[in-house]
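Participant: I'd like to ask you about the structure that follows.
The values are calculated or read from the model by the stated rules, or taken from the named source; none is laboratory data. Because the structure is predicted, anything quoted here is derived from the model rather than measured. Using ideal geometry, Cβ is built from the backbone for each residue, glycine included, and neighbour counts are taken over all protein chains shown.
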Amino acid sequence: MKNIIYYFTATGNSLVCAKNLAKYLDGETELRAAANYLEAEEITVEPCDTLGFVFPVYGERAPWPVYHLAARLKLSGQPYVFGIATCNDRGGSCLDFFASWLKKHGIEMNYTRKITMPGNCMATNEAENAERIADCDMFCHRSADNINSRFQSTVEGFDAPENTEEGQRERFPKIFVFKSDPDKCVSCGLCAQVCPMKNITMTDGHPVYGSTCASCMACFHWCPAEAVYIDSKFFNNGRSRYHHPDVSADEIAAQQKRF
Ligand SMILES: Cc1cc2nc3c(=O)[nH]c(=O)nc-3n(C[C@H](O)[C@H](O)[C@H](O)COP(=O)(O)O)c2cc1C
């Protein structure tokens with residue numbers, strides 16, 4: 001069995017899920033960072049038995065780089081396809097919307113599941129976070145068992161006019177503007193390194209944001225000086241910084257490599 005999982009992650013929850021799935025899926029599993037394919041017009045996927053997408057929920061949708069990737073995949077044959085979305089308990093119809101997007105691009109979703117993890121946007125309390133992190137392995141194991149047995153989920157396939165790469169791309173930058181406080185910034189450049197979108201450049205020792213933000217919040221959470229903040233009336237900048245305890249900044253930065 002050959003399995004390919006495309007993942008997107010900012011604070012590591014989705015990467016840990018992807019790794020757990022790889023541990024429990026039958027056969028060999030290759031993890032590929034969705035952000036690595038941003039410049040590709042067409043992505044030819046070699047024959048595989050299982051194709052998976054693992055990503056965080058952003059406002060009941062997948063992150064736009066995942067929409068971007070999915071629209072460009074050229075599959076050979078018909079692998080079994082699954083989508084696992086990590087969320088802070090209100091993932092809503094994210095995977096139904098994503099299944100619709102896949103269908104428009106000729107890919108049928110077979111299995112979906114949401115896994116509740118610590119929230120990296122709205123804060124969740126520490127005790128709950130620890131429980132969610134501890135339970136993640138079990139939920140991934142169950143999902144992998146379902147995938148191994150080729151279980152067929154009921155996928156509603158919701159759609160909406162804004163259920164597009166562009167729709168999701170335009171949505172969050174309108175409400176979340178990332179900034180760095182020059183008095184706190186220590187010019188380490190970690191924000192630029194962990195940005196999966198390569199959207200941050202260091203100019204005169206300070207981050208400058210470009211136009212391909214995915215609103216993933218990696219820069220906010222990984223900044224060692226807590227200099228990055230979000231200019232938004234919806235967001236509490238006083239919340240604690242978070243990243244999954246088993247994931248390093250290097251692993252987040254690895255998403256920046258481009259083929
Ligand atoms: C911009 C943004 C929007 C989010 N929207 C939702 C949401 O609508 N529902 C939800 O349950 N979690 C939401 N979250 C929380 C993340 O989906 C969740 O914490 C996820 O596990 C983070 O994954 P990662 O560590 O792989 O980046 C949002 C996070 C961000 C950054």
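Participant: Looking at (1) under 19 Å from the mean Cα position of the chain (by Cα); (2) at pLDDT below 95, find the lone condition where residue 41 falls short.
Facilitator: (1)
Participant: While we're looking at this one, here's another question. Return the residues of the range 102-131 that are in a helix (DSSP H, G or I) and in contact with a helix residue (DSSP H, G or I) (Cβ under 9 Å, 6 or more places away or on another chain); say none if nothing qualifies.
Facilitator: The answer is 102, 104.
Participant: Working only within the range 168-190, note down all residues that are within 16 Å of the ligand (Cβ to nearest atom) and free of Cβ contacts under 8 Å to residues at least 24 places away in the same chain.
Facilitator: Listed by number, the residues that qualify are 170, 174.
Participant: Mind checking which residues of the range 85-112 are within 21 Å of residue 50 (Cα to Cα) and among the small types (Gly, Ala, Ser)?
Facilitator: 85, 99, 100, 106, listed by residue number.
Participant: With the range 191-244 as the region, which strands (runs of 3 or more DSSP E) entirely inside it contain at least 3 residues that are over 24 Å from residue 39 (Cα atoms) and away from the ligand (no atom under 12 Å from the Cβ)?
Facilitator: Filter on the range 191-244 gives 228-231.
Participant: Mind checking which residues of the range 81-93 are surrounded by fewer than 24 Cβ atoms within 10 Å (Cβ to Cβ) and under 15 Å from the mean Cα position of the chain (by Cα)?
Facilitator: 87, 88, 91
Participant: With the requirement that a residue be within 11 Å of the ligand (Cβ to nearest atom) and over 24 Å from residue 129 (Cβ atoms), what does the range 67-98 give you?
Facilitator: Within the range 67-98, 93 is the sole residue that qualifies.
Participant: Just need a number here: residues in the range 143-157 that are surrounded by 13 or more Cβ atoms within 10 Å (Cβ to Cβ) and on the phi < 0 side of the Ramachandran plot.
Facilitator: 10
Participant: Sticking with this structure for a sec: Tell me which of these residue 112 doesn't satisfy, since it passes every other one: (1) surrounded by fewer than 20 Cβ atoms within 10 Å (Cβ to Cβ); (2) polar (S, T, N, Q); (3) more than 14 Å from the ligand (Cβ to nearest atom).
Facilitator: Against the list (1) surrounded by fewer than 20 Cβ atoms within 10 Å (Cβ to Cβ); (2) polar (S, T, N, Q); (3) more than 14 Å from the ligand (Cβ to nearest atom), residue 112 comes up short only on (1).
Participant: A further question on this structure: Being away from the ligand (no atom under 14 Å from the Cβ) and of a type in the set (Gly, Ala, Ser) is the filter here, so list the residues in the range 1-51 that pass it.
Facilitator: Correct list: 22, 27, 40.
Residue-wise test of (1) under 27 Å from residue 211 (Cβ atoms); (2) surrounded by fewer than 20 Cβ atoms within 10 Å (Cβ to Cβ); (3) in contact with a Phe, Trp or Tyr (Cβ under 6 Å, 6 or more places away or on another chain); (4) without any contact (Cβ under 8 Å) to a residue 12 or more places away in the chain.
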position: 8; (1), (2), (3), (4): yes, no, yes, no
position: 14; (1), (2), (3), (4): yes, no, yes, no
position: 18; (1), (2), (3), (4): no, no, yes, no
position: 40; (1), (2), (3), (4): yes, yes, no, no
position: 47; (1), (2), (3), (4): no, yes, no, no
position: 51; (1), (2), (3), (4): no, no, no, no
position: 62; (1), (2), (3), (4): yes, no, yes, no
position: 72; (1), (2), (3), (4): yes, yes, no, no
position: 98; (1), (2), (3), (4): yes, no, no, no
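Participant: If I ask for residues that are under 13 Å from the mean Cα position of the chain (by Cα) and modelled with pLDDT under 95, which ones from the range 55-80 would you list?
Facilitator: Within the range 55-80, 59, 60 meet the criteria.
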